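Since the structure comes first, as structure tokens, the remarks are kept for the end.
Values in this text are rule-based calculations from the coordinates and carry no lab data. Note that the structure is a prediction, hence the values are computed from the model and not measured. Methodologically, a virtual Cβ is constructed for each residue, glycine included, from the backbone with ideal geometry; neighbour enumeration extends over all protein chains shown.
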Amino acid sequence: MKLQILLVVSGMAVSLLCGCARTEAADPSSSAEEGSSTVQTTGSAVESTGESLLEGVEITLPDSITRQPVSDTREHFCLDGEVVGGIELLDIAGQMDTMSMGDYAQQALTVTKAVYDTEYDYMAEGDSFCKAVVSMSSREGREFYHYFFQGEEMGYDVWIDNSVLDTLEMKSCLKTLRAGDLELPQEDMTKNETPLLTLRMTLPDGITKQPKRTTRTLLYSGQTLAGGIEQITGATDAEALNTLALSVAQELYGGEFTHIPREETDGNALAVVDTEKEGVHLVHYVIQVGEETYDVWADTSLISEEEALEIAQSCQY
């Protein structure tokens with residue numbers, strides 16, 4: 001799905017520190033919440049019965065991904081010998097209606113840290129096709145998504161490395177998820193309530209992305225804020241877009257910004273506007289992908305204008 005560049009808004013600011021070919025069973029052998037992990041967390045696994053409770057769980061995965069049992073309540077998805085996701089059975093089915101998004105995030109941290117023990121930024125939100133979706137972003141640039149489902153007897157945490165299967169590809173696989181106490185309503189699986197989380201883009205070397213809310217993803221160079229993608233849900237006239245760019249910059253960087261219009265356009269852009277603050281430059285490309293509009297912006301001391309434009313032009317579902 002191709003994008004259309006609507007507007008370019010440039011700004012001046014200071015630097016800020018701050019993841020289907022066959023169906024197989026397991027081998028028997030809302031408001032969004034965000035945060036950052038600093039400690040090991042604990043979860044509640046289903047009590048062992050001596051036989052794998054995952055034998056009756058079916059899901060369609062690409063041929064390249066295999067299912068490897070770890071215990072009777074845990075299995076990993078492996079690609080070329082590396083763990084890229086898995087399924088966790090949890091004794092929380094009776095609690096899932098009252099669990100907070102923070103509770104789901106802590107459970108996702110427990111499962112992810114059991115495989116990759118590092119620090120994560122995370123965001124948790126509700127969704128129509130499952131109880132919760134948790135995005136986990138490591139400081140090393142890896143991004144994992146956890147999808148929580150409620151069965152009659154058990155809870156299911158199905159998780160994946162977003163670089164292996166993105167959110168649209170993973171939802172296609174999740175349509176095939178079946179268990180003795182779980183069958184998903186297929187009509188809910190077609191809804192895309194969080195389009196920014198399904199937006200794909202090509203980033204320059206050394207730049208990583210971290211979802212912060214359903215309408216905001218930030219880009220980092222190491223630990224330094226370098227840019228971001230903001231979903232625009234309101235008006236898209238020139239005045240409204242300039243105001244949005246100003247608001248985003250002031251919220252994330254602080255201080256006062258002023259717009260300086262310029263006549264020339266860039267690529268398919270309809271307008272270019274500079275905003276100055278203390279001699280540091282932000283550039284905003286406002287783009288349309290499908291039915292959604294996004295502000296793709298960058299600190300040009302870390303991401304050049306050309307690189308920012310390439311990020312914007314690469315955005316697609």
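Data table
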| item | result |
| --- | --- |
| Label-point gap, in nm, between LEU79 and SER172 - each point 7 angstrom along Cα→Cβ | 1.4 nm |
| J(HN,Hα) series, region 133-143, from Karplus relation 6.51 cos²θ - 1.76 cosθ + 1.60, nearest Hz, glycine and proline x | 10, 10, 9, 10, 10, 7, 5, 8, x, 7, 10 |
| Of LYS171/LYS212; LYS131/LYS212; LYS131/LYS175; LYS131/LYS171; LYS175/LYS209, those spanning more than 23 Å from alpha-carbon to alpha-carbon | LYS175/LYS209 |
| Förster-model FRET efficiency, 41 Å R0, THR202 and GLN68, C-beta, rounded to 0.05 | 0.85 |
| ALA235-ASP181 pseudo-label distance in nm [points 7 Å out on the Cα-to-Cβ vector] | 5.2 nm |
| Calculated FRET efficiency for the pair SER163/HIS259, C-beta based, R₀ 45 Å, to 0.05 | 0.75 |
| Pairwise label distance in nanometres, GLU153 with SER128, each label 7 Å out on the Cα-Cβ vector | 3.1 nm |
